[in-house]
Amino acid sequence: MSQLSAASRPRLRAGCRLSESTQQGDVLLIPEGILRLVGPGKKILERCDGVRNVSDIIRDLQAEFPTVDPVRIETEVNTFLDRLHQKGVLDIG
Amino acid sequence: MMASGPLSLIAEITHRCPLHCVYCSNPLEMQARQRELPTETWKNLFASAAKLGILQLHLTGGEPLARADLAELITAARQSNLYTNLITSGVGLTEERLAALVTAGLDHIQLSFQDSQEEPANEIAGTRSHSLKIELAHHIKHQRIAFTMNLVVHRQNLDRLPEMITLAEELAADRLEIAHVQYYGWALRNREALLPSRPQWERSLEVITAARERLKGRMRVDFVGPDYYAKYPKPCMGGWGRSVILIDPAGRTLPCHAAGVIPGLAFDNIQDHDLRWIWEQSPAFRKFRGKDWMPEPCRSCDRRTQDFGGCRCQAMLLTGDAAATDPVCTLSPMHGIVEAIVSSAQQQPDWIYRIDPAPVA
C-alpha cells in the first residue's frame, strides 16, 4: 500500500463529502458512515484539494494560526490524515 | 426514555425484485406494487427526514431500480442534502441510466454479488445475473461515485472467500462488504443450508483479517459475521429506535427490516403522521427504546449500552418472546437454542425459492 507522505496530495475520495448538521456539527459523510469532525478536522479537509500537498496544508494552517505551536499543528495534520487514509477516505495522489 | 435524533433513513421504495435469493431479507409478506407510495410522498419524506437531523438515505427494496422515478427521488434527496446510497442488484441498470442517477446526485452505490463464480451465484439468485453485475461494475468505475461491492456469504460459498476478495480488487471496489446471511425472513427458511460450520467460520476470520491489513488505505473491508457464533449479540440497528428509521413501500415505519415478526406492534404509516411524531411518539419505536424493557441478565449487564440486548426480532423468532435477551448471547439463559441449531446444520442445500409479491386480488 502507498503511504501518506509530505509530498502526497490528498483529496477526498468519490462518495465522501463534508456536510453540516444542526445536531452533529461538521461531519464527513462516507459510504455507510458518518465521521464527526472536531478541532481542526474540517479546516484540514477543506484544504485536501488534490493540488496542495501535506506540507502545503501544514504551512497554510501554521500561517492561519500563528499563536498555536507549529509542531503541534504538524503532528495533528499528519495524525488526522493518516487516520482518514487508513479508513479509505482519501486519494493520496 | 427521550429519543435522540435518527441519523439514517432506510427507504424500501419497492418490494418488486427480479432476483429470488434464497436468503432474501424482505418480510415474508411483501407490499404489492399497487400499494407503493407515490413520488411526491417520498420527496416530502426526504425533506422531513433532513429536518429531523437524518444525514444518510439508503434506497433499497426489493430492487429500487424497479421504480421508474428513481432519478427524481435521488434529485429530491440531494436537494434535502441527504447522503444518498443505492443498494441494488444492478439488474436493469444500463450505462445510461447509471449516468443519469449519478447526475441526479447519487453518492454511493452498493452492488450486491451472490458469489465469485457465475454458476453458484445464479443458483442462489434464482436468475442469471452474475455476468451483468461484472459488466456494470466496470461502468461504475467510470463514474465519480463511491462503489461498494457487497457479497453475501454462507455455508455454500464461504470457502471461496479469497476468490471473492480477488474479484473485488479486480473490479476496484472502494469498499468491500462481506456480510453473512442473517437468519430472518426468507433466510430463516433456508437456515440449515446457509449456516457455516465452525471451522469454516474460523478460517474466514483469518482470511478477512489478512485482507484488511493488506488492503488498508486502498479498499475498506467491512465484515458482518453470523451472529449464531458470536459471544455477545450484535447491537442490532445500533439499538431499537436509536438511529434508524425504515419505511416500507406502503409507507409503514419500522425500527428495523424484520420488526413485522413481532406480534402486537402497530407500525404507524407516514401518510397518517409526520416523521417527527413517529420517531418520538410512535408506540412501535418506543417499545424497546432505552433499557426499561430489558430483562436480566441485560438489565444489569455492563454491555447493555453497547449491544442494547441484541436483536428483538431474533429473540422473537428463536424464543417466542421479543423482550427476551437475544439468545445468541452466551449469557442468555436460552442460549442452548442457538447451540442446538449450530450443531445440527446440514451439509446439502435444498433451497426454497421465493416469488414476487402477489398482486392484490
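What follows is calculated from the coordinates using simple rules that are stated; it is not laboratory data. Not measured: the values here are computed from a predicted model. Glycine also receives a Cβ, built like all others from the backbone with ideal geometry; neighbour counts cover every protein chain displayed.
Restricting to DSSP loop positions (anything but H, G, I, E, B) with no more than 10 other Cβ atoms inside 10 Å of their own Cβ, which trypsin sites (Lys or Arg not before Pro) remain in the stretch B:139-172?
Numbers: sites: B:K141, B:R144, B:R155, B:R160; in loops: B:R144, B:R155.
Here the sparse-neighbourhood loop sites are B:R144.
Averaged over its residues, how many other protein chain Cβ atoms are within 10 Å of peptide B:216-227's Cβ atoms? All intermediate terms of the calculation are to be shown ahead of the outcome.
Values: counts 5, 13, 4, 2, 9, 1, 3, 0, 0, 0, 0, 0.
Other-chain Cβ atoms within 10 Å of each residue's Cβ, averaged: 3.
Once you sort the root eigenvalues of the Cα gyration tensor of the stretch B:88-200 as a ≥ b ≥ c, which label holds: rounded (a/c under 1.5), prolate (a/b larger than b/c) or oblate (the other case)? Numbers along the way, then the final one.
Details: a/c = 2.08, a/b = 1.83, b/c = 1.13.
It is prolate, given that a/c is not under 1.5 and a/b is the larger ratio.
Output wanted: per-residue J couplings in Hz (rounded whole) for the stretch B:276-285, from phi through Karplus 6.51 cos²θ - 1.76 cosθ + 1.60, θ = phi - 60°, x for Gly and Pro.
5, 4, 4, 4, 8, 10, 4, x, 5, 6
Distance in nm between label sites at B:E192 and B:T330, each 7 Å beyond Cα in the beta-carbon direction?
Taking the simple label geometry, B:E192 and B:T330 are separated by 2.8 nm.
What average count of beta carbons from other chains do you get within 10 Å of the Cβ of residues in A:77-90?
Values: counts 0, 0, 0, 0, 0, 1, 0, 1, 3, 3, 3, 10, 4, 1.
The shielding value for this peptide is 2.
Label-point separation (nm) for B:Q271 and B:T94, each offset 7 Å from Cα along Cα-to-Cβ?
The modelled label-to-label distance comes out at 3.3 nm.
For the stretch B:209-351, what number results from the quotient of the Cα radius of gyration and 2.2 N^0.38 Å? Before the final figure, lay out the partial values.
Working: Rg = 17.4 Å, N = 143, 2.2 N^0.38 = 14.5 Å.
Ratio of Cα Rg to 2.2 N^0.38 Å: 1.20.
Ignoring solvent entirely, what values of log10 I(q)/I(0) come out of the Debye formula for the protein assembly as shown at 0.08, 0.10 Å⁻¹ when each Cα is a single scatterer?
Calculated log10 I(q)/I(0) at the listed q: -0.48, -0.77.
Can you give the calculated 222 nm mean residue ellipticity of chain B, where each DSSP H run of n ≥ 4 adds -39,500 (n - 2.57) and the sum is split over every residue, rounded to the nearest 500 deg cm²/dmol? Mind showing how you got there, number by number?
Numbers: 14 runs with 122 residues, N = 361.
Taking each H run of at least 4 residues, the total per residue is -9500 deg cm²/dmol.
For the stretch B:205-293, which trypsin sites (Lys or Arg not before Pro) are both in a DSSP coil and crowded by at most 13 other Cβ atoms within 10 Å?
Sparse-neighbourhood loop trypsin sites (Lys or Arg not before Pro): B:K231.
Where is the GNM fluctuation largest for chain B (alpha-carbon springs, 10 angstrom cutoff): B:S300, B:S112, B:S197?
Maximum among the listed residues: B:S300.
GNM on chain A, C-alpha springs below 10 Å: top fluctuator among A:G50, A:G41, A:G25?
Fluctuation is largest for A:G25.
Can you tally the lysine pairs in the protein assembly as shown where the Cα-Cα distance is under 26 Å and the two residues are eight or more apart, or on different chains?
Step by step, the pairs that qualify in the protein assembly as shown add up to 20.
Using the Cα atoms of chain B to build a convex hull, what is its mean projected area in square nanometres? Present the calculation step by step, with values, prior to reporting the outcome.
Details: hull surface 70.1 nm².
Reported value for the Cα convex hull: 17.5 nm².
Stretch B:S343-B:R212 to full length: gain in nm at 0.36 nm per residue minus the Cα-Cα span?
44.2 nm
Let me know the shape class of chain A, please: from the alpha-carbon gyration tensor, a ≥ b ≥ c as square roots of the eigenvalues, rounded when a/c is under 1.5, otherwise prolate if a/b is greater than b/c, or oblate.
Verdict is oblate for chain A.
Jot down the per residue volume, in cubic angstrom and as a whole number, of the convex hull over the alpha-carbon atoms of the stretch B:19-63. Before the final figure, lay out each step's value.
Working: hull volume 4.8 nm³, N = 45.
It is 106 Å³ per residue.
Which order do the peptides A:63-71, B:308-316 take when ranked by the mean count of other beta-carbon atoms within 10 Å per residue, highest first?
B:308-316, A:63-71
Assign one of three labels to the stretch A:34-87, namely rounded, prolate or oblate, based on the Cα gyration tensor with a ≥ b ≥ c the square roots of its eigenvalues; rounded applies when a/c is under 1.5, prolate when it is not and a/b is larger than b/c, and oblate otherwise. Display every interim value, and only then the final one.
On the way: a/c = 1.68, a/b = 1.35, b/c = 1.24.
Prolate is the answer for the stretch A:34-87, as a/c is 1.5 or above and a/b outweighs b/c.
For the stretch B:1-65, which GluC sites (Glu not before Pro) are in a loop by DSSP, counting at most 15 other Cβ atoms within 10 Å?
Numbers: sites: B:E12, B:E29, B:E36, B:E40; in loops: B:E29, B:E36.
In loop regions of the stretch B:1-65 (DSSP not H, G, I, E or B), the sparsely surrounded GluC sites (Glu not before Pro) are B:E29.
Which of B:L195, B:L55, B:L111 moves most in a GNM of chain B, Cα contacts under 10 Å?
Most flexible of the set in this elastic network: B:L55.
If I stretch the segment between B:E163 and B:I134 completely, what's the gain in nm (0.36 nm per residue apart, minus their alpha carbon distance), one decimal? Walk me through the numbers on the way to the answer.
Details: separation 29, 0.36 × 29 = 10.44 nm, distance 1.43 nm.
Extending this stretch completely gives an extra 9.0 nm.
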